[in-house]
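Okay, structure first, notes after.
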Amino acid sequence: MRTRSETHRQRLAIAVFAVAVLLVCMVLKSAYYQLVLTQVLLWAVMSLAWNLLSGYSGYFSFGHAAFWGLGAYTVALGMIHLGLSPWVTIPFCAIVGAAAGALIGYPTFRLRGHYFALAMLAYPLAMLYVFEWLGYQELTLPMQREAPHLYMQFADPRVYVALALILLVAALLISLKVENSRFGMALLAIKQNEPAAEAAGIDTWRWKMLALMLSGALAAMAGGLYAVVLLVVTPDTVFGMLVSAQALILALFGGVGSLWGPVIGAMVLVPLAEGLNAELGDVLPGIQGVVYGIAIIAIILVAPEGVYWRVLDRVRRRPAAVPEPARPAAIVVPLARERSVDVGKDLLVLQGIGISFGGLRALDGIDLTVPEGGLHGIIGPNGAGKTTLFNVINGFLAPDSGTINFAGEPLIGLLPNRVCRRGIGRTFQVVRAFPRMSLLENVIVGAFVRAADDATAEAMARTALDRVGLGGRADAIAGGLTTRELRLMELARALVSQPRLVLLDETLAGLGHEDLDGILGVIRQLRADGVTVLIIEHTMRAMVRLVDHFTVLDHGRLIAAGKPDDVVRDPRVIEAYLGKRWVEQAIVTAN
Amino acid sequence: MFSLTDLLQALSAGLLVGGAYALMCTGLGIIFGSMRVINFAQGDFLMLGMYAAFYLTTGFGVLTFLGPYAGPIVAAFLAGPIVFGVGWLSHRFIVARVTGAGVAQIEGAGAYGQIIVTLGISLILQNGGLILFGSAPVGIRTPLSRSSWEIGDILLNQGRCVSFLIAIALAAAVYLFLGHTRLGKGLRAAADNSQAALYMGIDVERAHRVAWSLGVGITAVAGGLIAESQTFQPYVGFDFVIVMYAGVVLGGLGSILGAFWGGLLIGIVQQMSTLVLPYQLQNTAIFVVFLLIIFLRPQGMFGRLSERT
């Protein structure tokens with residue numbers, strides 16, 4: 001998230017950019033150059049739209065031509081068949097684009113990675129065939145001689161530049177708004193680690209859908225205006241692969257995930273390709289595509305982060321005395337929610353939980369009761385099903401059988417972010433940080449669940465960091481932290497949502513003695529504050545000192561439960577850990 | 001509605017065209033299976049194969065001495081090594097720099113660097129093809145593709161029958177090669193776990209280069225075979241990219257045998273769809289099948305899903 005002054009600077013930059021474009025437009029004499037300028041602006045909008053979804057959330061769309069094409073056809077068909085003016089249909093394109101985004105996103109966001117990319121590729125190509133079949137091979141927008149202005153038809157091409165500029169400024173302001181809100185933070189968190197974002201209470205589904213709908217709306221409006229400017233719409237030119245490719249190539253060239261990257265990409269590549277096409281198009285008919293192909297390969301090989309980030313890194317490398325931003329006046333935020341803690345009352349109750357993966361029975365009839373205020377340990381050898389149990393509790397996995405009740409309400413069927421909202425925070429066996437964000441931002445993501453506004457979220461995150469002893473490291477980037485710091489950060493991220501119960505998955509693993517004591521202290525403090533703790537470990541020693549109740553899992557079954565001292569003497573537990581041969585020996589030694 | 005004859009006719013047509021599809025899917029399956037790279041340019045390598053076969057027969061007439069029957073078939077086979085060479089170069093100078101065990105994840109573009117590079121290759125091949133070959137559709141005319149065998153009421157195009165048999169034989173040969181030669185085993189090891197293969201002394205980069213070149217080469221042969229029964233232009237690759245991915249996903253991403261069966265099935269789906277849908281929408285039917293598979297059974301027929309939280 002940006003500071004307020006930075007946001008202000010960006011708004012100023014947008015204003016300066018708009019004025020510069022208008023000046024250039026005045027200087028350009030030829031109608032052809034003004035047409036090219038209009039195209040630069042429209043492609044910048046298209047690329048910003050792509051960036052809004054794919055740049056921020058990391059869900060790469062290879063099918064944004066679907067929205068562009070729907071926009072173009074909405075305007076063309078509206079004018080030809082219904083006599084509607086683009087003044088009406090272009091705003092309507094926003095609705096068409098958003099609706100298409102919702103329809104496409106609803107099934108497609110169940111997919112990730114390669115599958116998502118491939119599915120997105122299919123939509124515009126399928127539409128291409130459908131529009132061809134419908135007989136819309138080539139639509140020409142009719143000239144309206146009566147009242148051309150009412151139909152967005154102007155003799156002066158500069159008017160189109162102005163219209164495209166308005167759309168671009170709107171797209172830039174929307175992108176800026178998104179970047180500076182929890183919307184943008186949520187998308188960035190999704191890009192960097194989606195399960196962690198979900199477990200931290202981010203409703204990933206909702207944000208992804210919103211991003212795609214917004215992106216679709218912008219792309220459709222740009223496509224609609226494009227139809228007005230070029231007057232001819234064919235399925236190949238609006239749904240073709242080159243359209244989708246161009247949207248992402250411009251953004252990647254300029255700098256993916258940045259406000260100005262798509263604009264830079266459009267300003268460099270569109271005139272280049274257009275110019276070559278005009279000069280050499282007769283001799284070399286595909287030169288435009290070749291230019292885009294070479295540009296995208298070159299940028300990936302030479303500066304894969306894009307022009308914007310490359311330049312920014314250069315500029316930032318200069319030593320500059322950056323004044324420490326003034327910390328907002330400490331808003332005192334209670335970390336533990338105000339509530340009466342019914343110590344001893346059943347908080348989490350699992351009954352008969354079972355789950356299989358293929359033929360493997362990962363959990364088999366697990367019963368578990370955790371009382372409020374307890375510090376409850378789950379131990380077991382590798383592969384016992386401990387992490388699977390956590391994944392079932394927090395909603396990553398749906399069990400085949402059994403019930404889970406939390407504070408008297410059933411949990412099964414809830415998405416992880418809903419489970420988080422109910423008051424269950426968790427950490428992961430392999431720390432899931434958002435590596436490109438600062439520690440503070442990592443924790444802020446978790447705070448959105450409870451915080452009404454962004455300032456409160458930040459204050460809560462700072463309190464949580466202080467709580468785990470990382471207050472001084474708030475601005476460090478998570479990618480460069482030690483294991484101990486990352487584990488504490490994850491703990492802070494889990495705590496900032498003010499959970500009643502935290503699930504700690506091998507929080508102690510891989511830590512040295514000194515680090516261990518620090519974390520044990522934090523966990524004990526949690527319990528003292530009334531937070532119930534359920535912790536997984538596979539080493540017993542640290543746990544015996546910490547917890548007041550043990551549950552032992554082995555091969556998906558619960559083999560023992562009780563007070564730590566009793567459990568460690570249980571022959572079944574010794575057998576699970578050391579093998580049968582050791583049981584007798586251990587008993588002999590104990591006596 | 002349609003008659004039984006129509007049904008059998010569509011089924012046999014689908015099976016015959018499915019043979020070539022199965023071969024091109026096998027090519028793509030080798031690439032995805034060993035490199036985990038989505039290759040957008042696969043359709044354009046197929047297009048190169050078509051033009052290679054075209055220039056060897058009709059265009060420059062190098063192979064006219066083989067006669068109208070054998071010439072086109074030999075040309076289709078020769079398209080393989082030619083495109084293999086192009087693939088080798090494209091991997092050596094472009095793809096290898098964004099894939100493989102030694103390359104760190106690319107910032108910004110993330111794991112998508114590879115996909116985007118193949119997109120770039122696709123744009124260059126397509127539009128470069130437009131510049132070199134022109135936009136007018138061409139085709140390879142053989143006497144075989146204009147005559148048919150009749151079985152009952154069902155017509156079997158002779159050209160397609162021959163293509164089918166060749167495609168199946170070549171796919172089988174490739175499958176045996178991967179299973180029983182040292183190089184093939186190295187490829188599969190590199191596919192399973194490139195890091196581990198690297199530690200075991202397998203030259204993963206070379207294995208990937210072979211897989212990539214072999215994959216596009218095989219697809220090019222399929223292109224050469226198809227070129228005998230339809231006209232084409234430099235943009236024809238698009239029509240086949242989705243056919244190929246549908247086949248590969250249907251078979252299960254990563255499974256080469258699955259890719260073969262997937263391709264065969266897609267051919268049948270495409271031809272059967274003409275029974276109920278207008279001709280222009282036969283590719284739309286493939287999209288629908290493709291999306292259904294992705295949503296309902298993303299692991300395909302032969303694939304496995306392995307994901308850990």
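Taken together, the values in this text are just the output of simple stated rules run on the coordinates, not laboratory data. What you see is a predicted model, and the numbers here were worked out from it, not measured in a lab. Please note: Cβ atoms are built from the backbone with ideal geometry, for glycine as well, and neighbour counts cover all protein chains shown.
What the table below lists for this structure:
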quantity	calculated
Sites A:Asp475 and A:Ala18 - FRET efficiency at Förster radius 41 Å, r taken between beta-carbons, to 0.05	0.80
Relative contact order computed over chain B (Cα-Cα under 8 Å; 6+ residues apart), in percent	37
Sites matching chymotrypsin sites (Phe, Trp or Tyr not before Pro) across region B:49-92 that sit in DSSP coil, with at most 11 neighbouring C-beta atoms within 10 Å	B:Phe60
Crossing angle, helix A:4-27 versus chain A [Cα axis fit, 0-90 degrees, rounded to tens]	20
Potential lengthening between A:Ser356 and A:Asp313 on full extension [0.36 nm per residue; Cα-Cα distance subtracted]	10.6 nm
Eligible lysines near A:Lys177 by straight Cα distance, threshold 17 Å, same-chain separation 8 or greater	A:Lys208
Chain A - percent relative contact order, Cα under 8 Å, separation 6 or more	16
Under-5 Å amide H pairs with A:Ser401, H placed in peptide plane, nonlocal only	A:Gly354
Spin-label pair A:Ser401/A:Met143, simplified geometry with 7 Å Cα→Cβ offset, distance in nm	7.8
10 Å Cβ neighbours from other chains, averaged over peptide A:280-286	4
Exposed GluC sites (Glu not before Pro) absent - longest run of chain A, DSSP non-H/G/I/E/B, at most 14 other C-beta within 10 Å	A:339-591
Shielding by other protein chains, A:120-131, mean Cβ within 10 Å	5
Sorted by Cβ neighbour density within 10 Å, fewest at the top, the residues A:Ser497, B:Ser90, A:Ser438, B:Ser3	B:Ser3, A:Ser438, B:Ser90, A:Ser497
Debye intensity ratio in log₁₀ form over the Cα atoms of the protein assembly as shown, taken at each q of 0.06, 0.07, 0.11 Å⁻¹	-0.49, -0.66, -1.34
Quotient of Cα Rg and 2.2 N^0.38 Å for region B:9-235, N being how many residues it contains	1.07
Extension gain, A:Asp346 back to A:Leu301 (0.36 nm per residue minus Cα-Cα distance, nm)	10.4 nm
Dipole magnitude of region B:9-235, debye to nearest 20 (Cβ charges: Lys/Arg +1, Asp/Glu -1, about Cα centre)	340
With Cα atoms, 0 to 90° folded angle of helix A:483-495 axis to chain A main axis	80
Relative packing of peptides B:17-27, A:551-561 - highest average C-beta neighbours within 10 Å first	B:17-27, A:551-561
Acute angle (nearest 10 degrees) that the helix B:4-35 long axis makes with the longest principal axis of chain B, alpha-carbon atoms	20
Region A:192-298, relative contact order [Cα under 8 Å, separation at least 6], %	14
Inter-chain shielding of B:278-287 (mean C-beta neighbours from other protein chains, 10 Å cut-off)	4
